[in-house]
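These notes are about the structure you will find just below.
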Amino acid sequence: NLHVLATSREPLGVPGETVWRLSPLSVVPADRDLPYTTLAGTEGVRLFADRAGAIVPDFRLGEENIAAVAQICWRLDGIPLAIELAAARVEILSPEEIADRLGDRFRLLVNGLRTAPTRQQTLRTTLDWSYELLSERERRAFECLSVFAGSFNLAAVTAILTTDAGVRIDRSEIDVVASLVAKSFVQVADPERNETRYRLLETVRAYGLERLGARDDVHMVRRRYAHWALAFVKEAESRVHGTEQSRWLRRVARELPNLEGALGWAVESREVDLALSLAGAQAWYWFHAIYGSAAHGLLWLERALSLAEARDVPHVRLKALAGIALLSMTQGAREAAWAWIQEELALAEEVKDDAGLLAAQGGIAQYLLMTGAFEEAERVAGNTLELARKLDETWVTVILLSNQAYCALHRGDVVRARCCFMAGADLAREKGDTWSLAMALGQLGDLERAEGAHDRAGTLYQESLSLNETLGLGGRSPSLLHNLGYVALARDRTSEANGYFTEALMQFQSRGDRRGVAEAALSHPT
């Protein structure tokens, strides 16, 4: 009847053992709009306040420092030792100054208690001690996995854990990951229904990156990471406009930290081919995502295209040009968009790339529409439709049909406009392209509302809103909410309109869409 309670770095692996894993302390991101009581009630913040108060007796949590303390605890992953070492710094630094210096956490967090074991007196010595207990294979795997900026699955592990000769490490990926999980170097992220994902705590990852940086093959590992990211996003791009659209949009959203981590390394390392390929292949996602990521994508594309060697790889440059032209148009930067489109068109003609020609001609049609050249826009859109259908580009076809519809509306041909919008919706429905279908239905709703058919418009907006939500891109479309507010006003439902306009305003604010915020605020009936 003997019972032994033991603490250990990993399970003992003996018969009758029951393992209780201790998770890090509870923390929450300080950048969220959370009340003081929520932030102050987390375990990490409570520990920081307790230890800081023991060192500086008059230290108090308050509205003026709670955000910084919460940020410290979040960035230190709720690791008790790290939080205690950070709290020890309040004697000479404010919480804000501590938070600002966490980029070099291993030099900052060094003043532990002298009575503590040596391995617990600094954050680095703690990790050094645990690292030295790993086998050589485990160390190599841990260092390689530290390149992942976000969570990852077993397939990604397989892609990273290879050697120069393309031979995987001796032990299977499952065994290596299981061993690193047991030793707390890798965490099991919240399991998905059909996929288990893993992650490294940011502090542990920072340590792994330091170790990786000292290896001769660091560049090779980073390149493998970038090639894995590129293969993933290319597959997503090839499948995102079909019946699996929702699944792939969610997968890309989940991998976005890794995709942008790989892109950042490629740009900084001047790996031009990889940088342009990654940026160009992600442009469609930056355009589709409900949260306003177009401006974010523009910055990445500008960085990649600004590399001097970018002109030496015309085919991948063409893809990036198509992306930056599209996102510039989305952001309303018409002059910049037109310059990018002209460069894109010239390059597509030079290398005889049909996909590039389609993107450039579609961009020209969109630009002409936005600048009020309706007759020319309709002609270009009509001519480009044949190429779009030939290449089986559903998304581009639906956009070109909508361009024709708006041109028809300009000259008062409502019947023609309705036919174009409906043709786009029918095609999108047939191909299983939910995003394009939602767009076409929303545009049909605009037409019906302009014609005074508010009931029909409301039905179309609601269907479009529901389809957008199934895509899993985050939040509800503020433009559709805004339009539903107008429909409610037309029905004399002021309270309902208030609700829609308020939600639209909040969604526009969360996306940083200042024009949307202004429109939602001006249309608010109260």
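The values are calculated or read from the model by the stated rules, or taken from the named source; none is laboratory data. Not measured: the values here are computed from a predicted model. When we count neighbours, we look across all protein chains shown, and the Cβ atoms used for this are built from the backbone with ideal geometry, even at glycine. Note: accessible area is taken over every heavy atom of the protein model, side chains too, but ligands, DNA and RNA are not part of it. Shrake-Rupley method; radii C 1.70, N 1.55, O 1.52, S 1.80 Å.
As a length-normalised measure over Cα pairs under 8 Å and 6 or more apart, the relative contact order of the range 332-386 settles at 28 percent. Averaged per residue, the chain has 49 square angstrom of accessible surface, using a 1.4 angstrom probe with ligands and nucleic acids left out.
Bridging of residue 431 to aspartates and glutamates at a Cα separation below 17 Å is possible for 237, 244, 392, 393, once same-chain residues fewer than 8 apart are set aside. Ordering of 495-508, 130-143, 269-282 by packing is 269-282, 495-508, 130-143, highest average first (other Cβ atoms within 10 Å, averaged per residue).
Helix 334-351 and the long axis of the chain differ in direction by around 90°, with both axes built from C-alpha atoms. Label separation (residue 214 vs residue 107): 1.7 nm, computed from points 7 Å beyond Cα along the C-beta direction. Rounded to the nearest 10 degrees, the angle from helix 218-239 to the longest Cα principal axis of the chain is 40 degrees.
When only alpha carbons are used to place a centre, the range 209-269 and the range 472-503 end up 37 Å from one another. Calculated mean residue ellipticity at 222 nm for the chain: -21000 deg cm²/dmol, from DSSP H runs with n ≥ 4 weighted as -39500 (n - 2.57), summed, divided by the residue count and rounded to 500. When +1 charges are put on Lys and Arg Cβ atoms and -1 charges on Asp and Glu Cβ atoms, the dipole computed for the chain relative to its Cα centre reaches about 880 debye.
Diffusion of the range 332-371 by Stokes-Einstein, at 4 °C in a medium of 1.567 mPa s and with Rh set to the Kirkwood radius over alpha-carbon pairs, works out to 129 µm²/s.
Taking 0.36 nm per residue of separation and subtracting the current Cα-Cα distance, fully stretching the chain between residue 411 and residue 450 would add 12.6 nm.
Relative contact order of the range 416-526: 18 percent, from C-alpha pairs under 8 Å at least 6 residues apart in sequence.
For the range 1-115, what value does the Rg/Rh ratio take when both radii are computed over Cα atoms and Rh is the Kirkwood radius, given to two decimals?
Expressed as Rg/Rh, it is 1.08.
Against the chain, whose longest principal axis comes from its Cα atoms, helix 374-390 is set at around 60 degrees. For the range 145-154, backbone phi angles converted through the Karplus equation (6.51, -1.76, 1.60; θ = phi - 60°) give residue-by-residue couplings of 6, 5, 6, 6, 7, x, 6, 8, 10, 5 Hz, Gly and Pro being listed as x. Diffusion coefficient of the range 235-382 by Stokes-Einstein, Kirkwood radius over Cα pairs, 37 °C, 0.692 mPa s: 209 µm²/s.
Subtracting the Cα-Cα distance of residue 235 and residue 296 from their residue separation scaled by 0.36 nm leaves 19.8 nm. Counting only protein heavy atoms and a probe of 1.4 Å, the accessible surface of the chain is 51% carbon and sulfur. Once you reduce the range 1-40 and the range 58-83 to the center of their Cα atoms, the two points are 19 Å from each other. Nearest 0.05, what FRET efficiency do residue 91 and residue 64 give at R0 = 22 Å with Cβ-Cβ as r? Efficiency for this residue pair is about 0.75. Dipole orientation for the chain: of the candidates 437, 457, 209, 209 has the Cα lying most toward the positive pole (charges on Cβ; Lys, Arg +1; Asp, Glu -1). Distance distribution P(r), the chain, all Cα-Cα pairs, bin width 10 angstrom from 0: 3, 15, 22, 23, 18, 12, 6, 1, 0 percent.
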